[in-house]
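Here is the structure we will look at, set down as structure tokens.
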Amino acid sequence: MTERDPDSESEAPRSPEGDDKKKERVIHTRVPAVLEQELKRLAENIRVPVSNLVRAILEDAVSMADRAGRGVEEELHKAATNLSSKREAILAKKEKVVAQKALEGVIGFQPLVLASEAICAKCLTPLHPGDEAHLGITADASAPRVVVCEPCVPKRASRDAAKTSPETPEK
């Protein structure tokens, strides 16, 4: 006696046209008696075999699930994009606040050449030994040290401009 492959039982017979014909499979399932009666009644009302009705219902269900899945995927993508942009805005705002507070309490700057690693308190750029930087001098000796890179040191352009202004009387 030959052993039978369980998958081969559910395959439809091969057509003479070959593989370009759609292969259909048979699925056996148990359903409650109430559902069976409902399917038979509906099939009779629309005058189609129960198997065709079940196939149509399954195809519609799979199609709807696919559309719903795509819709959910799109919504998730939109939500992720929205969260990402809000996160970036919050981080930018935080960096701006940190940069403003970094120089709080500093009354002046002393230029120096770094002997060890540091991070600019204003722009958070890593600074390396040998880099030129500025030490923030505060009135409170217990305040944490503030080191800033050259571009972050406030400039005194307004004072220089006032000296060369034509409105200032010369002596």
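Summary of packing: across the peptides 134-141, 25-32, 64-71, the per-residue average of other C-beta atoms within 10 Å ranks them, highest first, as 134-141, 64-71, 25-32. Inter-label distance, A33 to K96: 7.3 nm, where each label sits 7 Å from its Cα along the C-beta direction. Here the label points at E74 and C123, each 7 Å from Cα along the C-beta direction, are separated by 4.3 nm in the simple model. A crude spin-label estimate for the pair A141 and V26, with each label 7 Å from Cα along the Cβ direction, gives 9.7 nm.
Past 25 Å, Cα to Cα, is the threshold; run K96/K155; K86/K122; K78/K122 against it and keep the listed order. Cα-Cα > 25 Å for K78/K122; rest within.
Sorting the segments 145-152, 115-122, 75-82, 101-108 by their residues' average number of neighbouring beta-carbon atoms within 10 angstrom, most packed first, yields 145-152, 115-122, 101-108, 75-82.
Multiply the residue gap between S84 and E150 by 0.36 nm, knock off their C-alpha separation, and tell me the result in nm, one decimal place. Please list the in-between numbers first.
On the way: separation 66, 0.36 × 66 = 23.76 nm, distance 3.23 nm.
So the extension gain works out to 20.5 nm.
Any read-out appearing in this document is the output of simple, stated calculations on the displayed coordinates, not a laboratory observation. This structure is a prediction, so every number in the text was calculated from the model and none was measured. All Cβ positions, even for glycine, are placed from backbone atoms using ideal geometry, and neighbour counts span all protein chains on display.
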